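See structure below.
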Amino acid sequence: MNCAGVRDVLPEFALGVAPADDANKVELHVETCAACRKEAVDLQRAAASFGYALAGDGAPPEALEQT
């Protein structure tokens, strides 16, 4: 898998939902590609913070509603 192919799959990889075959290819690629490895780490860190980002009942604040 080349850089373009890896970057197409990275969001799913970071969330842990990429198909096993794709995940294996990404893991092999990032071992030798510093740019894709950095992007993978950045996306994994962002994905790890999602659980902390959802506060409240999930409804948007009233200030965001159109009047």
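Consider region 21-45 and keep the residues that are open to solvent by 70 Å² or more (accessible area, probe 1.4 Å) and under 14 Å from Met1 (Cβ atoms). The one that is nearest to the chain's Cα centre (by Cα) is Arg37. Taking first residues from region 16-28 that are at pLDDT 95 or above and partners that are outside any helix (DSSP H, G or I), the Cβ contacts under 6 Å between residues at least 6 apart in sequence or on separate chains come to Lys25/Met1. For region 8-20, a tally of residues being assigned to a helix (DSSP H, G or I) and surrounded by fewer than 17 Cβ atoms within 10 Å (Cβ to Cβ) returns 5.
The values are calculated or read from the model by the stated rules, or taken from the named source; none is laboratory data. Quick caveat, the model's predicted, so the values are computed rather than measured. With ideal geometry, Cβ positions are generated from the backbone for all residues, glycine too; neighbour counts draw on all protein chains shown. SASA here: full protein model, heavy atoms, side chains in, ligands and nucleic acids out. Shrake-Rupley method; radii C 1.70, N 1.55, O 1.52, S 1.80 Å.
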